[in-house]
Amino acid sequence: MATFSSRRLTKELVALREECPAGITLLSTEDLKSWTLSLELLGESLFKGEVFALRFTFGSRYPIEAPEVVFVVNDKYKAPMHPHVYSNGHICASILGSEWSPVLNTSTICITLQSMLASCKKKERPEGNDRYVKNAPLSPKNTHFLYDDDSV
Amino acid sequence: MKVIVHRWNAIAQWRWDVGQDGDGPDEDSEEDLCGICRASYEGCCPTCKVPGDDCPLIWGKCSHVFHMHCLLKWIATPASKSQCPMDRRPWGTRKSR
């Protein structure tokens, strides 16, 4: 199974090095397990001018299993203020959980998250952010999210 | 033993019949790749070494095509909910084409 993920990730990496979607840049790809990409929104939106970073962590069962995707929170980057993004960087997005499909990839995930941010109407944290962040597992993959809002 | 091939004569080539029109392979076309492993249909899934009958394609009733091994890996996980990765319709294998 390890070759399964590494072969597909190698292909994705070649494609990303050739051309990233608009607003997406490869920051680091030390190995085939963890990549960091920067994400910004081009065009009018509440997040205009802000730059975020996404950390992808791929397991050996990728793409049969979804990667772990979080917004980087450190001295340089903050998680976007969005009703589906917790302040620790965890993202509540169905495609990273129950609606994952193996035909999705790094590029399509980035584009989906860009559009999630772009359709944001009010910059706010999810309800119960503080409580979630205090008790959150290290990986959001261990969180059982309920997806109840299709509008943003 | 080391064998060096100096010359060969190709006498035939094969392709899976994925029901595409037009003659001549359209290299690098999205439609010629398995959406799960991103390798070409004529190649094999990442767990096989040799393309051909041992690593066949599988056709869905929804018309989507994958390497059989790739699709079965997906369908075997509960997360798949037995849905086609492309359109999330219930997966049904097309028996003949």
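Below is a table of values for the structure above.
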{"item": "Residues that are over 30 Å from B:Val65 (Cβ atoms), touching a residue at least 60 places away in the same chain (Cβ under 8 Å) and outside any helix (DSSP H, G or I), drawn from the stretch A:102-121", "result": "A:Cys120, A:Lys121"}
{"item": "In the stretch A:95-131, the residues that are closer than 19 Å to A:Leu39 by Cα and within 14 Å of chain B (Cβ to nearest Cβ)", "result": "A:Ile95, A:Leu96, A:Leu104, A:Asn105, A:Thr106, A:Ser107, A:Thr108"}
{"item": "Any chance A:Leu46 is of a type in the set (A, V, I, L, M, F, W, C), open to solvent by 40 Å² or more (accessible area, probe 1.4 Å), away from chain B (no Cβ under 14 Å) and touching a residue at least 60 places away in the same chain (Cβ under 8 Å)", "result": "yes"}
{"item": "In the stretch B:25-62, residue modelled with the highest pLDDT [restricted to those that are exposed (fewer than 13 other Cβ atoms within 10 Å of the Cβ) and within 14 Å of another protein chain (Cβ to nearest Cβ)]", "result": "B:Lys49"}
{"item": "Filter pass, A:Pro63 being touching a residue at least 24 places away in the same chain (Cβ under 8 Å), touching a Gly at 6+ places or on another chain (Cβ under 8 Å), buried (at least 16 other Cβ atoms within 10 Å of the Cβ) and within 14 Å of another protein chain (Cβ to nearest Cβ)", "result": "no"}
{"item": "Residue check for A:Lys141: open to solvent by 60 Å² or more (accessible area, probe 1.4 Å), more than 30 Å from B:Arg38 (Cα to Cα) and at pLDDT below 95", "result": "no"}
{"item": "The stretch A:83-109, residues that are open to solvent by less than 10 Å² (accessible area, probe 1.4 Å) and more than 13 Å from the chain's Cα centre (by Cα)", "result": "A:Ser101, A:Pro102"}
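The values are calculated or read from the model by the stated rules, or taken from the named source; none is laboratory data. Please read these numbers as outputs of a predicted model, since none were measured by experiment. Reconstructed Cβ throughout: ideal geometry from the backbone, glycine too, with neighbour counts over all protein chains shown. Surface areas here come from the heavy atoms of the whole protein model, side chains and all, with no ligands, DNA or RNA. Shrake-Rupley method; radii C 1.70, N 1.55, O 1.52, S 1.80 Å.
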